[in-house]
Amino acid sequence: MGQLRERIIAAHGGRNRWYGVERVITSLAMGGVAFMPYIHPFRDVEVSVTPNRGLVTLAPFPGPGQTGSFDGHTLWIESEDREVVSSRPVSGSSARTLRYWSFWDELDRLYVVALTVWHALLFPWLLAQDGIEDEPMGALSMPGSGRLARLEVGFPTAAMLPSQSQTLYADSTGLIRRMDFVPSAYGGWLRVGQVLSGFEAVDGVVIPTEQTLYPCLINNQLWRANRFLWLTLADPMVAYR
């Protein structure tokens, strides 16, 4: 493992802390152009992510009294009495059909929300796993962020992520300020930059509570007039094994 990757993990709480995490719980608000034509953002959704089980649950989602879950292989929605009302397996390639581009059903939305939250909350834990390739790149000066070190990382194809190849931008302390990648859920043609802020120390780990995805333009610039997807994490809590 390279020095920059190790410094990034340490800045977010360290390998031992993240390895000991049993569950992260937070309140979620999420919206953006990515969810069009669904105009209203999701608010006050309780999220629970369990890293060692690969499990994300959201409630209420997609409606009152319902719970949505994703374990990396299957999506399902349960009623208030825990009856499964709909479910669908998810292929490793997350291939999408013409129907997906013209209409999202509740399981499509669950897939995008759950995968986004998993990535947003657990990235330091994911970065600390074995089998990851990392290659330092030249540092860049970014408007409003100063000079940021860059790290190209490649995850195993089986990893539960929106993209297996990502470029990280870290500040002088090692905190990740931005991540660039091509989300497979949108057909592999759109490159986005995920900007992270609102860092909070929570029981020994550091979580960015404000995150926004913007389309990438040329020369590493972001189209900030287009908030492709945004999320806010309120009152995060961490439980350890």
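The values are calculated or read from the model by the stated rules, or taken from the named source; none is laboratory data. Please read these numbers as outputs of a predicted model, since none were measured by experiment. Note that we place each Cβ from the backbone using ideal geometry, even for glycine, and neighbour counts take in every protein chain shown.
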Within the stretch 133-164, tally of residues that are outside any loop (DSSP other than H, G, I, E, B) and not acidic (Asp, Glu): 15
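Please go through the stretch 208-241 and give me each residue that is charged (D, E, K, R) and outside any strand (DSSP E or B), ordered by number. Please lay out each step first, then the result.
So the first thing to find is which residues in the stretch 208-241 are charged (D, E, K, R), and the list is 210, 224, 227, 235, 241.
Listed by number, the residues that qualify are Arg224, Arg227, Arg241.
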Here the residues within the stretch 32-70 that are under 16 Å from the mean Cα position of the chain (by Cα) and either aromatic (Phe, Trp, Tyr) or over 28 Å from Trp18 (Cα atoms) (or both) are Gly32, Ala34, Phe35, Phe42, Phe70
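Considering Leu233, Leu175, which residue is of a type in the set (A, V, I, L, M, F, W, C) and crowded, with 20+ Cβ neighbours inside 10 Å?
Details: Leu175 fails: crowded, with 20+ Cβ neighbours inside 10 Å.
Of Leu233, Leu175, the one residue that is of a type in the set (A, V, I, L, M, F, W, C) and crowded, with 20+ Cβ neighbours inside 10 Å is Leu233.
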Could you tell me which numbered condition Met179 fails, if it satisfies all but one of (1) part of a strand (DSSP E or B); (2) out of contact with any Lys or Arg (no Cβ under 9 Å at 6 or more places or on another chain); (3) over 19 Å from Gly2 (Cα atoms)? (3)
Looking only at the stretch 148-158, which residues are more than 16 Å from Trp125 (Cβ to Cβ), buried (at least 17 other Cβ atoms within 10 Å of the Cβ) and either touching a residue at least 24 places away in the same chain (Cβ under 8 Å) or not basic (Lys, Arg) (or both)? Leu148, Ala149, Leu151
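For every residue, the table says whether it meets (1) modelled with pLDDT of 95 or more; (2) acidic (Asp, Glu); (3) touching a Gly at 6+ places or on another chain (Cβ under 7 Å); (4) buried (at least 18 other Cβ atoms within 10 Å of the Cβ).
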site: Met160; (1), (2), (3), (4): no, no, yes, yes
site: Leu196; (1), (2), (3), (4): yes, no, no, yes
site: Pro208; (1), (2), (3), (4): yes, no, yes, yes
site: Leu217; (1), (2), (3), (4): no, no, no, no
site: Asn220; (1), (2), (3), (4): no, no, no, no
site: Leu229; (1), (2), (3), (4): no, no, yes, yes
If I go through the stretch 120-132 residue by residue, how many of them are modelled with pLDDT of 95 or more and not hydrophobic (A, V, I, L, M, F, W, C)? 1
Scanning the stretch 49-70 for residues that are touching a Gly at 6+ places or on another chain (Cβ under 9 Å) and assigned to a strand (DSSP E or B), the one farthest from Leu126 (Cα to Cα) turns out to be Ala59
Residues in the stretch 184-195: is at least one assigned to a strand (DSSP E or B) and among the hydroxyl-bearing types (Ser, Thr, Tyr)? no
Of all residues in the stretch 166-182 being touching a residue at least 24 places away in the same chain (Cβ under 8 Å) and closer than 17 Å to Asn226 by Cα, which is nearest to the chain's Cα centre (by Cα)? Met179
